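> After the structure tokens below, expect a handful of questions from me.
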Amino acid sequence: MHFDATIDGRTLRVEVRGRDGRYTVSLDGRVLEVDLQDTGRDFVSLLIGGRSYEVGLERRPSGFVVAFPDDTLTVDLADAARGAGTTLRRAASGPARITAPMPGKIVRVLVGAGDEVGAGQGLVVMEAMKMENELRAPRAGRVRELPVREGQTVETGALLALVE
Amino acid sequence: MVERSFKKVLVANRGEIAVRIIRACREMGLPTVAVYSEADRPALHVRQADEAYLLGPAPSRESYLRIDRVLDVAKSSGADAVHPGYGFLAENAEFARACEEAGITFIGPRSETIALMGEKTSARRAAVEAGVPVVPGTLEALADDAAIRREAERIGFPLMLKAAAGGGGKGLRFVARPEDLPSAVARARSEAASAFGDDSVYLERAIERPRHVEIQVLADAHGHAVHLFERECSIQRRHQKVIEESPSPFLTPELRQRMGSLAVALVAKAGYVNAGTLEFLVDANRNPYFLEMNTRLQVEHPVTEMVTGEDLVKLQIRIAQGERLPFRQEELKQRGHAIECRVYAEDPDAGFLPSPGRIVALRVPGGPGVRDDSGIYEGYEVPIHYDPLLSKLVAYGYSRRDALLRMRRAVSEYKILGIKTTLPFFERVLHHPAFVAGEFDTSFVEKVFAEADRVRERPVDVAVAAAAIRAFRERQAARLQGTAPGGSPWWRAGLAEAQRRL
């Protein structure tokens, strides 16, 4: 079975074969022999060339979050057969959407719709879990949409600003 | 003061610290009363206390900060003492006074002392009077922006802007240049107003490359005061501590003794009773400057408990019951080394943004020398309304190296899935050569560590292999389902699970 795996900003061509806990995984042509055992609903144990890894696997709509003791990586998987890499293409161009990274309250709106902003300029200040967080423009441009008001409560993923 | 035993203790807090206090009470045979907000009905402290009563809606201003409601619960439940923990009402002199007037013992200092030491500018004045060196800056809170600008020019940049009623990094801003001052003042005031209900601020000169070292003190109501040595708290992000240890690898025995004596002098001068902490900045030449006093238990109290063998929460309760300190200064010793990591629901790869949500899986470390003071359980939903501290993980060892290796082992065993936590960040900090060598200051996380961390090797291949194999197995299980024979119950359960996941 073939996948396109997007991780840490790049996409790898992946092939998986095997059964009963023994798998051959090819990553852009590099081959790993993997012994994988489920060790709980959300954990797997892997043995790769004798090295032992215990990782957490959290299901996401587009793939998995893989949790190591010292790092957490998001792996987006697309079946190679059905149009791959759509996530990547979307992110590369078009206006920048600034969305709420968590539920919280808008305490200040620092710019107005139509304003020209510089890269890194503060757009809105959100309060969540007792801290104020300033959300900044990822790049320079014009604020096309600004659909939030001060005092408004927003959910995760809510659009805060659109910079083009 | 007459010694008496409390009948019942109300814990005016939530989360891991409420659980910590309930544990101490239980070990002392004291019944406990928990209070909770509408968001906290499933919280661990509600489950562990002997009684629990609702305070009000989720926002802390309508629940945990409601003095009248907390006192109503204390009276109606028959609690004769209140432990405030840290945060919320812990440093609220008005609350302590209301307890005193209601005949309920506030487990902490007297309300006048909280007012004196809790207001940061009057604490600075008290320190100066007790002969304790302070960071140069203003000794009064500054009311208007013009006064702030004037004082800022006098002190010079860079400087620190601080909330007079502050603590925990809230309302605190580093200001590098004059042009950054107006927006920093606005943000600090608004944060301080929301966190403490008081928007006054003051200024201090920024000490270059400071270490944050604090002294734990205990004083009884009979005029005896001791210190329980220092805690090193320089590993911070956004001015909030994340890793603490005792002893500090930076202090010399002479400086330790000097800072301890200064702390006891200030405590005696202020007529302080109960547990408290004096925070100091120590500059590169090992000059200590008093910053502020926290008139309460500290988050990082376990490291002191590990190296002294004393239980600070029980001692707080015994002091509040009118008992004398059970030891003299010379009987206290620092033995071995302890490190604490604060496990927060925050994403270390996204600027430590809070990461609330459901904990879908939890594995807690065990084994020798490991302590986990936690307020969570598997299936628990971390609410968005409160501080994101989940747990305090503490490792103890014979030496700093022992404690460090043990902490690495404990962090690697600790698994929290469903939300982002600071655990992977700790694993990496604990391997950083500067941390291992004990050579760091308060800028470590944001400067030294962040640079090394950006170019770290990430376990990409293993992550992709794990995810792709899991996806492959799910597809195969789904394909098999149509033709699955009766099989064993385990087989059927596995199929149902695979289907649910797709």
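The values are calculated or read from the model by the stated rules, or taken from the named source; none is laboratory data. Note that the coordinates shown come from a computational prediction; the quantities given were computed from them, not determined experimentally. Reconstructed Cβ throughout: ideal geometry from the backbone, glycine too, with neighbour counts over all protein chains shown. The accessibility values were calculated without ligands, DNA or RNA, using every heavy atom of the protein model including side chains. Shrake-Rupley method; radii C 1.70, N 1.55, O 1.52, S 1.80 Å.
> For chain B, what does the relative contact order come out to in percent, with C-alpha contacts under 8 Å and a separation of six or more?
Answer for chain B is 13 percent.
> Give the accessible surface of segment B:211-453 per residue, rounded to a whole number of Å², with probe radius 1.4 Å and ligands, DNA and RNA excluded.
On a per-residue basis, segment B:211-453 sits at 32 Å².
> Tell me the carbon and sulfur percent of the accessible area for the protein assembly as shown, rounded to whole percent, probe radius 1.4 Å.
Exposed carbon and sulfur together represent 50 percent of the surface.
> I need the trypsin sites (Lys or Arg not before Pro) found in segment B:5-95, filtered to DSSP loop residues with at most 12 other beta carbons within 10 Å of theirs.
Sites meeting the loop and neighbour criteria: B:Lys7.
> Per residue, what volume in Å³ does the convex hull of the Cα atoms of the protein assembly as shown enclose?
Roughly 171 Å³ of hull volume per residue.
> Give me the 1.4 Å probe accessible area per residue for segment B:136-205, excluding ligands and nucleic acids, in Å².
Per-residue value: 44 Å².
> To the nearest whole percent, what portion of all C-alpha pairs in chain A is separated by more than 20 angstrom?
Here the tail beyond 20 Å accounts for 64 percent of pairs.
> Sticking with this structure for a sec: Mind giving me the nanometre distance, one decimal, between the label points for B:Ala268 and B:Ser183, set 7 Å out from Cα along Cα→Cβ?
Each label point lies 7 Å from its Cα, and together they span 4.9 nm.
> Which of rounded, prolate or oblate describes segment A:1-68 when judged by the alpha-carbon gyration tensor and an a/c cut-off of 1.5?
Judged from the Cα gyration tensor, segment A:1-68 comes out oblate (a/c at least 1.5, b/c at or above a/b).
> Follow-up. Could you tell me the number of lysine pairs in chain B with C-alpha atoms less than 13 Å from each other, where the two lysines are 8 or more residues apart or belong to different chains?
6
> With axes computed from alpha carbons, what is the tilt in degrees of helix B:120-129 against the longest principal axis of chain B, rounded to the nearest 10 within 0 to 90?
Helix B:120-129 sits at roughly 50 degrees to that axis.
> Past the 17 angstrom mark, what percentage of all C-alpha to C-alpha distances in segment B:136-205 do you count?
Considering segment B:136-205, 30 percent of its Cα-Cα pairs are separated by more than 17 Å.
> Sort all Cα-Cα distances of segment B:336-491 into consecutive 10 angstrom bins from zero, then give the percent of pairs in each bin up to the one containing the longest distance.
It works out to 9, 30, 31, 18, 8, 3, 0, in whole percents.
> Moving on to the next point. Using helices alone, what [θ] at 222 nm do you get for chain B, with -39,500 (n - 2.57) per DSSP H run of 4 or more residues, divided over all residues and rounded to the nearest 500?
The helix-only estimate for chain B comes to -11000 deg cm²/dmol at 222 nm.
> Is the C-alpha gyration tensor of segment A:83-163 telling us rounded, prolate or oblate? Criteria: a/c under 1.5 is rounded; beyond that, a/b larger than b/c is prolate, otherwise oblate.
Cα axes put segment A:83-163 in the oblate bin.
> In whole Å, what are the Cα extents of segment B:9-107 along the three principal axes, biggest one first?
Each principal axis gives a Cα extent; for segment B:9-107 these are 31, 30, 23 Å.
> If you average the sequence gap of Cα pairs under 8 Å that are 6 or more apart and divide by the length of segment A:2-80, what percent do you get for the contact order?
Taking the mean separation of contacting Cα pairs over the length of segment A:2-80, I get 25 percent.
> Please name the residues of segment B:462-477 whose accessible area, counted over protein heavy atoms with a 1.4 angstrom probe, falls by no less than 40 Å² between the chain alone and the full protein assembly.
Buried by the other chains: B:Val462, B:Ala463, B:Val464, B:Ala465, B:Ala466, B:Ala467, B:Ala468, B:Ile469, B:Arg470, B:Phe472, B:Arg473, B:Arg475.
> To one decimal place, what Kirkwood hydrodynamic radius in Å is obtained for segment B:211-453 from all pairs of distinct Cα atoms?
18.6
> To continue, here is another question. Counting protein heavy atoms only and a 1.4 angstrom probe, how many square angstrom of accessible surface do chains A and B bury in total, to the nearest 100?
Roughly 5400 Å².
> To make sure I understand the rule: partners must be aspartates and glutamates, Cα under 12 Å from the Cα of A:Lys130, and not fewer than 8 residues away in the same chain. Which ones qualify?
The qualifying aspartates and glutamates are B:Glu191, B:Asp387.
> What residues in segment B:433-461 lose 50 Å² or more of accessible surface when the other protein chains are added to their chain alone (1.4 Å probe)?
Buried by the other chains: B:Arg458, B:Pro459, B:Val460, B:Asp461.
> Take each of the peptides A:51-62, B:383-394, A:66-77, average the number of other beta-carbon atoms within 10 Å over its residues, and list them starting from the highest.
B:383-394, A:66-77, A:51-62
> Treat chain B as a sphere of radius equal to its Kirkwood radius over Cα pairs and apply Stokes-Einstein at 20 °C in a medium of 1.002 mPa s; give the translational diffusion coefficient in µm²/s, rounded to a whole number.
In µm²/s, the coefficient rounds to 88.
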